[in-house]
Amino acid sequence: MSTTHPTATRHRRNGGDLVVESLAALGARTVFGLPGQHALGVFDALRRSALRYVGLRVENNAGFAADAYARATHGVAPLLVSTGPGALMTLAALQEAAAGSAAVLAIGSQVPLAGIGGGRHGYLHELADQSASFRGVVKSVHTARTASQIPSAVAAAWESALSAPHGPVWLEIPQDVLLAEVDTPPVAQLDARPRELLPRPELIAAAASRLTRARRPVILAGGGVVRAGAEAELLALAEQLRAPVATTFGGKGAFPWEHPLSLRSWMEDRHTTTFLEDADTLLVVGSGLGELSSNYHTFRPRGQVVQIEADLGKLESNHAALGIHADARAALAALVKAVGEDNGAGEAGEVAQARADHVPRDTGPADEAGAAEPAAATDPPEPPTPEAAVSALLARVHDRIAGQQLGLEQRILASVRDALPDGAVSCWDMTILAYWAWSAFDPRRTNALHSAQGAGGLGYGYPAALGVAVADPARPVLAVSGDGGAMYSIAELATARQYDLPVTWLIVDDGGYGILREYMTDAFGEATATELTRPDFVALAGSFGVPAVRTSPERLRTDLAAALAAPGPSVVVLPARLRMFAPTHLEP
């Protein structure tokens, strides 16, 4: 058998079969990808397996689809690609998966064994060290050099992807290993249970003590809460402490939007930044307090910080804290228990009660015996309740936005929210309407909004929505892109039609890279390289057999709701030039 082209002989099990058998044994039901010459052994094996294959038109888009599938299912999404150009095309998607903690198991082929390690035999797609391209992007890199190594290598990669924090991994297998015949029994069972990342008890005790003694505790919930499925624990702790909760852009949906303690997610707002800074104890869960979660690093906490983070590299990476290296769900559950025990005992209980009653713990100066004297008539007024403080903060944010003449943007976002069913998921590209959504959009349930704000690459929205639709084809999915980002993914209209996926694509067409146009105009007085010649998106969608309509801000809600209610894929094009609200991180 040639090591370059598989011959048409009667089938005997080979390395490709071991790959798909291993994936199935670990619980995979769906794989994403795009075939290539060196990977044909594993793609041929798919034909003999029960795995569902979803093929996209570009490897990077296949990676985005796998990313969103992993986020939607809280599981592992296998991604199959070929050597060299095919493998390298996944890097932007894998960077987003790493930033967003999506468990993508990328399996790529390699040139035959003779060409690995600097052999330089001149094989097609040959790289001197293909795996080196992935080491700085993914959690771990794995290689199988013989067929017998494949099941264990797949299991090790699976375990790495699903261990907290979730993330993408890379496994490569040479072409001749995928084609090598095997006489071992089919893979029936593999064990790849991830290790639990539990908090240290003494750290939980210290954190509980600080939180129960705090007069102004505040919680900032990041994407780690959503990835861990820790929403119930977060809600329980916030209500125990009566602590206001803000969510980062990646943590949207982690806390109920309309809850009286919800600060929502106005992370690019100075009023919100100041509110977080004023907390005497700030609990940060599942966030590294990076650029977008700290109002571009202008956040300066004045009180104590307690940080729960599964990614060790993010622990205290931006601010000193009582750092707890743990899965968000396990740590929050432990804190709920510890705070509940503290609240009824000793001084901690007294402070918690004082905060609940909204009066100072001491009502006046103490005499020599320690008894408190009656409060003087000049004592300051009682502080507002936590709920009142939240309401006042949101009113200040509203007033700031209301003063900027951004009614069009707010109406469009409201129309999208009204048109989208409560149980539906939305996936957002890097576009001005998405930046509004990060701050102002209510997802109405957890794990219902996905965006590329981790790595920030264009082209995420539509293929991500396809991945979500594959995970749950019974629910409509909304994708939102600008015209520039849409061109990255336009080929996937063919994928949506081929698999009849219920994805409605809202394309906001402003004739260019809108946010870059705005940035450059603000910085330099005029924009360069931001204007685009774009197609007739309605006609283009029609050429793929996908129904499309051109709408207006006035008709958007009706047209979008109709498209979402219709079966299969659809496109809604909104010609509109939107603006961002003014930033606050540049203010003195």
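The values are calculated or read from the model by the stated rules, or taken from the named source; none is laboratory data. Predicted, not measured: the structure shown is a model, and the values here were computed from it. Here the Cβ positions follow ideal geometry from the backbone for every residue, glycine too, while neighbour counts run over all protein chains shown. Calculation scope for accessible area: heavy atoms of the full protein, side chains included, ligands and nucleic acids excluded. Shrake-Rupley method; radii C 1.70, N 1.55, O 1.52, S 1.80 Å.
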To the nearest 10 degrees, how steeply does helix 556-565 sit against the main Cα axis of the chain, on a 0 to 90 scale?
-> 50 degrees
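What percentage of the solvent-accessible surface of region 538-581, computed with a 1.4 Å probe over protein heavy atoms, is contributed by carbon and sulfur atoms?
59 percent
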Can you list, largest first and rounded to whole Å, the semi-axes you get for region 137-231 by taking the square root of 5 times each eigenvalue of its Cα gyration tensor?
-> 43, 14, 10
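Counting heavy atoms of the protein chains only and a 1.4 Å probe, report the per residue accessible area for the chain as a whole number of Å².
Counting only protein heavy atoms, the per-residue value for the chain is 40 Å².
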Counting Lys and Arg as +1 and Asp and Glu as -1, each charge on the Cβ, what is the dipole of region 10-107 about the Cα centre in debye, to the nearest 20?
-> 420 debye
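Counting only other residues whose beta carbon sits under 11 Å from that of Ala452, what net charge do I get with K and R as +1, D and E as -1?
-3
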Let me know the Rg and Dmax you get for region 45-94 when you use only its Cα atoms, in Å.
-> 11.3, 31
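Leaving ligands and nucleic acids out of the surface, order Arg135, Arg145, Arg227 by accessible area at 1.4 Å, largest first.
The ranking, largest first, comes out as Arg135, Arg145, Arg227.
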What are the radius of gyration and Dmax of the chain, computed over its Cα atoms and given in Å?
-> 26.4, 98
Based on DSSP, what percent of beta bridges with both residues in the chain are antiparallel, to the nearest 5?
-> 5 percent
How large is the charge dipole for region 102-201, taken about the Cα centre, if only the Cβ atoms of Lys, Arg (+1) and Asp, Glu (-1) carry charge, to the nearest 20 debye?
-> 440 debye
Taking only the alpha carbons of region 1-147, what extent do you get along each of the three principal axes, in Å, biggest first?
-> 42, 34, 26
What is the Cα convex hull volume of region 203-293 when expressed per residue in Å³?
-> 92 Å³
Inter-label distance for Tyr519 and Arg200, nm, one decimal - labels placed 7 Å from Cα along Cα-to-Cβ = 4.0 nm
Would you compute the Debye intensity of region 73-141 from its alpha-carbon atoms alone, equal scatterers and no solvent, and pass along log10 I(q)/I(0) at q = 0.11, 0.26, 0.27, 0.28 Å⁻¹ to two decimals?
-> -0.28, -1.18, -1.24, -1.30
Along each of its three principal axes, how wide is the spread of alpha-carbon positions in region 285-334, in whole angstrom units, largest first?
-> 31, 20, 15
Where Rh denotes the Kirkwood radius from the mean inverse Cα pair distance, what is Rg over Rh for region 219-352?
-> 0.94
Of all accessible heavy-atom area on region 243-327, the percent that carbon and sulfur account for (1.4 Å) | 48 percent
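Rounding to the nearest 20 debye, state how big the charge dipole of region 403-541 is about its Cα centre with +1 on each Lys and Arg Cβ and -1 on each Asp and Glu Cβ.
Around 400 debye, computed over region 403-541.
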Note down the net charge around Ala77, summing +1 for each Lys or Arg and -1 for each Asp or Glu among other residues with Cβ under 11 Å from its Cβ.
-> +1
Expressed in whole Å with the largest first, what are the equivalent ellipsoid semi-axes of region 469-519 derived from the C-alpha gyration tensor as the square root of 5 times each eigenvalue?
-> 26, 12, 7
With the 8 Å Cα cutoff and a minimum separation of six or more residues, the chain has a relative contact order in percent of 12 percent
Using alpha carbon positions and the Kirkwood radius, the Rg to Rh ratio of region 398-539 is 0.98
Can you tell me the 0 to 90 degree angle between the C-alpha axis of helix 15-25 and the longest principal axis of the chain, rounded to 10?
-> 30 degrees
The Cα radius of gyration of region 525-564, divided by 2.2 N^0.38 Å with N its residue count, comes to 1.60
Send over the per residue convex hull volume for region 466-588, Cα only, as a whole number of Å³.
-> 126 Å³
Using alpha carbon coordinates only, what is the Rg to Rh ratio of region 382-447, with Rh defined as the Kirkwood radius?
-> 1.05
Quick one, can you get me the convex hull of the C-alpha atoms of region 87-245 expressed as volume per residue in Å³?
-> 143 Å³
Before rounding to the nearest 500, sum -39500 (n - 2.57) across all DSSP H runs of length at least 4 in the chain and divide by the residue total; then give [θ] at 222 nm in deg cm²/dmol.
-> -11000 deg cm²/dmol
Please work out the Cα center distance from region 233-272 to region 515-572, rounded to the nearest Å.
-> 32 Å
Rounded to whole Å and sorted largest first, what semi-axes of the equivalent ellipsoid does the C-alpha gyration tensor of region 240-287 yield via the square root of 5 times each eigenvalue?
-> 15, 14, 11
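What percent do you get for the relative contact order of region 411-459 when only Cα pairs under 8 Å and 6+ apart count?
Numbers: 43 pairs, mean separation 22.3, N = 49.
Value for region 411-459: 45 percent.
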Which angle from 0 to 90°, rounded to the nearest 10, does the C-alpha axis of helix 407-419 make with the longest principal axis of the chain?
-> 70 degrees
With contacts defined as alpha carbon pairs under 8 Å and 6 or more residues apart, what's the relative contact order of region 94-154 in percent?
-> 27 percent
Would you pull out the residues with amide H under 5 Å of Arg550's amide H, same chain only if 5 or more places away, H placed 1.01 Å from N?
-> Val573
